[in-house]
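> Got a structure for you, written out below as structure tokens; questions coming shortly.
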There are 2 protein chains.
Amino acid sequence: MQEFDLIHRYFDWPATHRAVSLAVGDDAAILTPPPGEQLVVATDMLVAGRHFPDATAADAIAHKALAVNLSDLAAMGATPLGFTLSLGLPETDSAWLESFSTGLRAAADRWGCDLVGGDTVRAPQLTLSITAFGSIARGTAIRRDGARAGDRLAVTGTVGDAALGLVVALQPDQVPSGLNDADRAYLLDRLDRPEPRLAAGQALCGQAAGLDISDGLLQDLGHLLDASGLSAEIDLDAVPLSPAARRWLDARPADIDRVLGGGDDYELLLALPPGLALEPAWDLTVIGRLDEAGPVGTVRERAGRPLPGRRGYNHFREEGA
Amino acid sequence: MQEFDLIHRYFDWPATHRAVSLAVGDDAAILTPPPGEQLVVATDMLVAGRHFPDATAADAIAHKALAVNLSDLAAMGATPLGFTLSLGLPETDSAWLESFSTGLRAAADRWGCDLVGGDTVRAPQLTLSITAFGSIARGTAIRRDGARAGDRLAVTGTVGDAALGLVVALQPDQVPSGLNDADRAYLLDRLDRPEPRLAAGQALCGQAAGLDISDGLLQDLGHLLDASGLSAEIDLDAVPLSPAARRWLDARPADIDRVLGGGDDYELLLALPPGLALEPAWDLTVIGRLDEAGPVGTVRERAGRPLPGRRGYNHFREEGA
């Protein structure tokens, strides 16, 4: 198939966002952000076998690739406008492309974000690079350097599901026998189909500091503390867990390391001023407090329980290190 | 090396553009385009061994990866603001990264374009995806669908050097013996270090239609004609050639196919209204005229000489097709 046919067939649908003045088809796209707003830009590259299991369905890959980028926009409090997609393909498989395209369009529609441009090339392994654009009122972005001592530390949703889902996908014999099929399906879905926390981010911009949990709760908490020059105390018992994750930890308590250190949750980790009332719709759980009681970047457990080291996912960690 | 150390060491330098409100280090970057301007967005993915020879120097790869994206901005008439870089690396080689980083920063400084964010991952083959952002006065972008019958067809610089440079790089025994070392070095340099035609694009926005020559003169001319619903007549004798390319064609006339059909020139191909005075600084050569004399998308040679088919580079062409 010719590159132009491929783009036309699978990646060229009408833009719907009024900020998108020109989408796929020219040398570049043209965006017209709402007057007075700033543009927020995030980019993530995903490689098959590294960022998702090789067997992941094409539509789930599309969903995840867009979701992880929009999670970065959510973590700034931005509203999505559009995205570009660079796609490195080992082969031209029409059934795969059809499923990928369908999944991408569904995800784009779901989050109100237009595909505005991209590139398709041959690559030895399936490789996706998305750059997502959003808009935000000037000066209100949720930054990781804006937390203050006394802020509550809160997280959206539940933590650790994706890390456990990765065990379900790749090491099914390691899954505790007490987990039923619905638990397994739930954890896999959390791995494959993360949901960017756009509504919470948008509601809290101008009022919070924070970031999204892509590298693992404790590692990302470390980033927040380093950037803001603080330490933290957290309460392990307060960390929100899904019923499936709770059953898992009841059966195998040592896997708390995976829950606190595994990546791919794409929940938001936020520092919230003490007086801010929390809306139920934001799905927030307070898990601790930021302070200056310890060295910058350190985390203490309220009851003195040990915490795993900062063990988030690191693409360049040496083998065995 | 840890991912964060790698980013900090090689990809984190102060932003200089006043439109860049927040650069590398948070979940996303924040851009504040000049009031009343639109944002232009282009993206290209490059894979080693496919978009540049495996042996290409790291600083040249950085230069080219940014240049091809900025060429898309130039082809819209935009002024660069910033870019993101996703980098898939097979290994962490400090000397390579040092050279790549130095080349990238030099290119970014040269074109006034800040690195605002990115991602680094492991990949089986060196893979780069850049997304570049520029700004442009509202409604003045140079589009490929804006040409009119009667427009002159013009090209910046010289055509075909990069295609001949690829022969120098990969099939040195195919280079005509009359070419001297300086010719070979010149052609290689044109392949490795394209120069985006930013000044010409910016000067002509609001007054021209067109695109950049990335797939080959004839194929890209076809895109312009298809988008604008026109045909064209070109004069082969008018196509601007470098002295090295002229010597090459004198020795091997059949390689006119490479010159007209080879990609990677990154010159601008423009449709210019008849009355527009051409400034010498734009380095433009008129090579033909747009009309409605033939079927849409077709090109005739003024003296009736045969033209190669539209033979631009196509990443998804089947082997042997």
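The values are calculated or read from the model by the stated rules, or taken from the named source; none is laboratory data. Since this is a predicted model, take the numbers as computed values, not measurements. Reconstructed Cβ throughout: ideal geometry from the backbone, glycine too, with neighbour counts over all protein chains shown.
> Based on this model, can you work out whether residue B:158 counts as more than 26 Å from residue B:28 (Cβ to Cβ), in contact with a Ser or Thr (Cβ under 6 Å, 6 or more places away or on another chain) and among the hydroxyl-bearing types (Ser, Thr, Tyr)?
On the way: more than 26 Å from residue B:28 (Cβ to Cβ): yes; in contact with a Ser or Thr (Cβ under 6 Å, 6 or more places away or on another chain): yes; among the hydroxyl-bearing types (Ser, Thr, Tyr): yes.
So residue B:158 fits the description; yes.
> Say whether the condition of being buried (at least 24 other Cβ atoms within 10 Å of the Cβ) and more than 10 Å from chain B (Cβ to nearest Cβ) is met by at least one residue in segment A:116-139.
no
> Out of A:164, A:153, which single residue is closer than 30 Å to residue A:250 by Cα and in a strand (DSSP E or B)?
Working: A:164 fails: in a strand (DSSP E or B).
Residue meeting the stated conditions: A:153.
> Go through segment B:69-87 residue by residue and tally those that are polar (S, T, N, Q), part of a strand (DSSP E or B) and under 19 Å from residue A:30 (Cα atoms).
Initially, segment B:69-87 is screened for residues polar (S, T, N, Q), giving B:69, B:71, B:79, B:84, B:86.
Subsequent filtering for residues that are part of a strand (DSSP E or B) retains B:79, B:84, B:86.
Next, only the ones that are under 19 Å from residue A:30 (Cα atoms) stay: B:79, B:84.
Within segment B:69-87, residues that are polar (S, T, N, Q), part of a strand (DSSP E or B) and under 19 Å from residue A:30 (Cα atoms) number 2.
> Separate question: What is the residue count in segment A:92-105 for residues that are closer than 20 Å to residue A:51 by Cβ and either in contact with a Leu (Cβ under 7 Å, 6 or more places away or on another chain) or part of a helix (DSSP H, G or I) (or both)? Steps first, please.
Within segment A:92-105, the first condition is being closer than 20 Å to residue A:51 by Cβ, and the residues that meet it are A:93, A:96-97, A:99-101, A:103-104.
Adding the requirement that they be either in contact with a Leu (Cβ under 7 Å, 6 or more places away or on another chain) or part of a helix (DSSP H, G or I) (or both) leaves A:96-97, A:99-101, A:103-104.
Summing the residues that are closer than 20 Å to residue A:51 by Cβ and either in contact with a Leu (Cβ under 7 Å, 6 or more places away or on another chain) or part of a helix (DSSP H, G or I) (or both) in segment A:92-105 gives 7.
> Yes or no: segment B:115-130 includes at least one residue that is without any contact (Cβ under 8 Å) to a residue 12 or more places away in the chain and over 25 Å from residue B:75 (Cβ atoms).
Looking for residues that are without any contact (Cβ under 8 Å) to a residue 12 or more places away in the chain and over 25 Å from residue B:75 (Cβ atoms), one finds none in segment B:115-130, hence no.
> Further question: Can you tell me which residue in segment A:60-104 is surrounded by the fewest Cβ atoms within 10 Å (Cβ to Cβ), limited to those that are under 22 Å from residue B:40 (Cα atoms) and away from chain B (no Cβ under 12 Å)?
A:79
> Looking only at residues that are surrounded by fewer than 19 Cβ atoms within 10 Å (Cβ to Cβ) and in contact (Cβ under 8 Å) with a residue 60 or more places away in the chain in segment A:20-51, which one is farthest from the other protein chains (Cβ to nearest Cβ)?
Top of the filtered list is A:34.
> Same structure again: When only residues in segment A:256-313 that are of a type in the set (Lys, Arg) and in a strand (DSSP E or B) count, which is surrounded by the most Cβ atoms within 10 Å (Cβ to Cβ)? Full working, then the answer.
Initial filter on segment A:256-313 (of a type in the set (Lys, Arg)): A:258, A:289, A:300, A:302, A:305, A:310-311.
If we keep only those that are in a strand (DSSP E or B) as well, we get A:289, A:300.
Numbers: A:289: 19, A:300: 16.
Ranking the qualifying residues of segment A:256-313, first place goes to A:289.
> Additional query: Just to verify a result, which residue in segment A:181-197, among those that are closer than 15 Å to residue A:64 by Cβ and aliphatic (A, V, I, L, M), is surrounded by the fewest Cβ atoms within 10 Å (Cβ to Cβ)?
A:188
Each row is one residue, and each column tells you yes or no for (1) more than 26 Å from residue B:56 (Cα to Cα); (2) in contact (Cβ under 8 Å) with a residue 60 or more places away in the chain; (3) under 11 Å from the mean Cα position of the chain (by Cα); (4) assigned to a helix (DSSP H, G or I).
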site	(1), (2), (3), (4)
B:191	no, yes, yes, yes
B:195	no, yes, yes, no
B:201	yes, yes, no, yes
B:207	yes, yes, no, no
B:210	yes, yes, no, no
B:214	no, yes, yes, no
B:218	yes, yes, no, yes
B:221	yes, yes, no, yes
B:224	yes, yes, no, yes
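> Give the residues of segment A:247-268 that are closer than 27 Å to residue A:223 by Cβ and charged (D, E, K, R), sorted by residue number.
Listed by number, the residues that qualify are A:255, A:257, A:258, A:264, A:265, A:267.
Let's see how each residue does on (1) charged (D, E, K, R); (2) outside the structural domain of residue A:274 (by TED's automatic domain parsing):
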{"residue": "A:94", "(1), (2)": "no, yes"}
{"residue": "A:111", "(1), (2)": "no, yes"}
{"residue": "A:116", "(1), (2)": "no, yes"}
{"residue": "A:122", "(1), (2)": "yes, yes"}
{"residue": "A:125", "(1), (2)": "no, yes"}
{"residue": "A:146", "(1), (2)": "no, yes"}
{"residue": "A:162", "(1), (2)": "no, no"}
{"residue": "A:172", "(1), (2)": "no, no"}
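> Inspect segment B:141-148 for any residue being more than 14 Å from chain A (Cβ to nearest Cβ) and of a type outside the set (Val, Ile, Thr) and give the result as yes or no.
Applying the first criterion (more than 14 Å from chain A (Cβ to nearest Cβ)) to segment B:141-148 yields B:148.
Now restrict to residues that are of a type outside the set (Val, Ile, Thr): B:148.
Yes, the conditions are met somewhere in segment B:141-148.
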